[in-house]
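Report on the following structure.
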Amino acid sequence: MHRSLTISAAPIDEADLVAARASSTTMGAAVYFSGIVRGSEDAQPISALEYECFRPMAEHQFHRLFDELECRWPIASVRLVHRIGVVKAGEASLWVEIVAPHRGEAFAACQWLIDEMKRVVPIWKKPLPGQPVPRH
Amino acid sequence: MHRSLTISAAPIDEADLVAARASSTTMGAAVYFSGIVRGSEDAQPISALEYECFRPMAEHQFHRLFDELECRWPIASVRLVHRIGVVKAGEASLWVEIVAPHRGEAFAACQWLIDEMKRVVPIWKKPLPGQPVPRH
Amino acid sequence: MQIRVQFWSYFKELTGCAQATEELVEKATIADLLQRLHARFPKLVSMQNSTLIAVGVEYQGRDYVLKAGDEVSLFPPVQGG
Amino acid sequence: MQIRVQFWSYFKELTGCAQATEELVEKATIADLLQRLHARFPKLVSMQNSTLIAVGVEYQGRDYVLKAGDEVSLFPPVQGG
C-alpha cells in the first residue's frame, strides 16, 4: 500500500493533489474527503482555527492507523494532509484520499481513518474569535 | 441545494472540478468519489468500457435522485459528472462531489447517490476487449 | 393505437433493431405489449425477469395502461458508474 | 528518577507551563506521577477523567511503570480534522 502523510502549515492545494493521483488499471475507486474550517464554533462566529500538533506522536499514530487500514481493507494508496497553525474559515484543514479496487472498501476505509484520527492523533484546535471572511 | 449534472463524452478533469468548488464558511465537509475504469471485466482483460446512455431519462432520473437527496440530508451542493462513449481503462467514468455541513451526512449522501444511480439511471456499459494500456 | 418501443444496451442485439412499433387495442397494458414483443423477438423471453420498462422518462410496471403516443423503452439492468 | 512531562493544548494554560519535571521513586507509575502533578497544578484535577497520557509516542494507562528518561505527555481529548 502506498502511503503519504503531510503535516504542514501550507495551504492544501486539493486540485494539485488530485492531479497527482497515481494511475492504475486495477483500482476502480478513489474517495476523497476535504475537511473545511467553518465560520462558527459552538454557535460563536470565528475567523479561523489554530491547530497545534504533537508532531512525532501524530506521525507515529497516523502510521499505526495506516498499518491497520492496510490489514482491514485491500487499499492501494492512502494520502493524508493535515494543516497546522492558523487555518481561516472556508479553508481546508484536512484532506484524505483512499484508492481501492471497489468503492465499498474505499468509503469504509476513508470514514474509519477520519474517525480514528479524531480519537488518537494528537492534534488540537483553538477557535480564533472574529467574523469569518468569505473567500470569493 | 446547488446541483450540477454533466453527461458528456469529454474526459473528466477532476482537478479543475475540485478547484471550482464553491467557497463557504458554513460547510465543513466535501466528499468526492471518482469511479475509474478497471483493466478487467469478469476476469477478462479489457482496454476500455463503452458507455451508452438514454439521456432524457438519465437526466430525469438523476434529478429525481437529487430531489430525494435534498429531502434526506442538509446538503449544500451536489455535482455529478458521468462520462459516456469510450472510456479507457485507468480513466474516470464517474465523478461525484457532495458538500455538507458535516462529514457524516456528506459520506452517507455520496454513497446513497451512487448506489441509487446504479439502480435507476439508464446508463449501460460494454467491455471493449484488449489489453489495458497504463497511463504514465 | 400505435406504440413505439425503443431497445437499449444489448436488447438491441437481441432484437436486431433499436426501435419497433406495435399496433395495440385501446387500454392495452405493458403486459400486453410484452406478449407481442416476445412473440416477435423470442430472444427477449429469457430476459423477461430482468427487463426494465419505462414510458417516456419514468419506470412503469406491467399493469401500466398504455395511451396513444406513449414511447416505451425496454432495457436490461442499468450499469452506470 | 527524573521524569519530564509535557503539556499540550489548553493543559498548558491550566498549568501555566509547557513542561515540568518530577522526581519520582523507581517503579513509580503514571498514577503516582498524576498524584504529584495534581498537587502541583490543581487545575488539572477537574480534567482527570478526560486526560490522555502518552509516554514517548504511545498512549499508556495509569498503571504504566515509569523508567528513567521517559517523556510523558498530558493532553485533553484530541480534535484533529
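Summary of computed values
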{"item": "At 7 Å out from Cα toward Cβ: D:Ala31 inter-copy label distances (nm, ascending)", "result": "7.5"}
{"item": "Label geometry 7 Å along the beta-carbon vector: B:Arg3 inter-copy distances in nm", "result": "4.1"}
{"item": "Inter-chain shielding of A:12-19 (mean C-beta neighbours from other protein chains, 10 Å cut-off)", "result": "5"}
{"item": "A:Val133 paired with D:Arg40, simple spin-label distance in nm, labels 7 Å along Cα-to-beta-carbon", "result": "4.2 nm"}
{"item": "Calculated label separations, A:Glu68, copies of the chain, 7 Å along the beta-carbon direction, nm", "result": "3.5"}
{"item": "Contact order relative to length of chain A, as percent, for alpha carbon pairs under 8 angstrom and 6 or more apart", "result": "40 percent"}
{"item": "Pair B:Thr26, C:Asp63: separation of 7 Å Cα→Cβ label points (nm)", "result": "4.4 nm"}
{"item": "C from D by rotation - nearest chain D beta carbon to the axis, in Å", "result": "D:Gly81, 14"}
{"item": "Ellipticity estimate at 222 nm from DSSP helix runs (n ≥ 4, -39,500 (n - 2.57)) divided over chain A, nearest 500", "result": "-10000 deg cm²/dmol"}
{"item": "Separation of alpha-carbon centers, the stretch D:1-49 and the stretch B:88-136, rounded to whole Å", "result": "51 Å"}
{"item": "GluC sites (Glu not before Pro) within the stretch C:1-66: DSSP coil, no more than 12 neighbouring Cβ in 10 Å", "result": "C:Glu26"}
{"item": "Value of [θ]222 nm, deg cm²/dmol, for chain C, DSSP H segments ≥ 4, -39500 (n - 2.57) each, nearest 500", "result": "-5500 deg cm²/dmol"}
{"item": "Straight-distance crosslink candidates among aspartates and glutamates, where the alpha carbon sits under 14 Å from C:Lys27 and sequence neighbours closer than 8 are dropped", "result": "C:Asp63, C:Asp70"}
{"item": "Cross-link partners of A:Lys125 among lysines (Cα-Cα below 18 Å; sequence separation of 8 or more within a chain)", "result": "A:Lys88, D:Lys12"}
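All of the numbers you see were taken from the coordinates with simple rules; none came from a lab. Keep in mind the model is a prediction, meaning the values are calculated, not measured. All Cβ positions, even for glycine, are placed from backbone atoms using ideal geometry, and neighbour counts span all protein chains on display.
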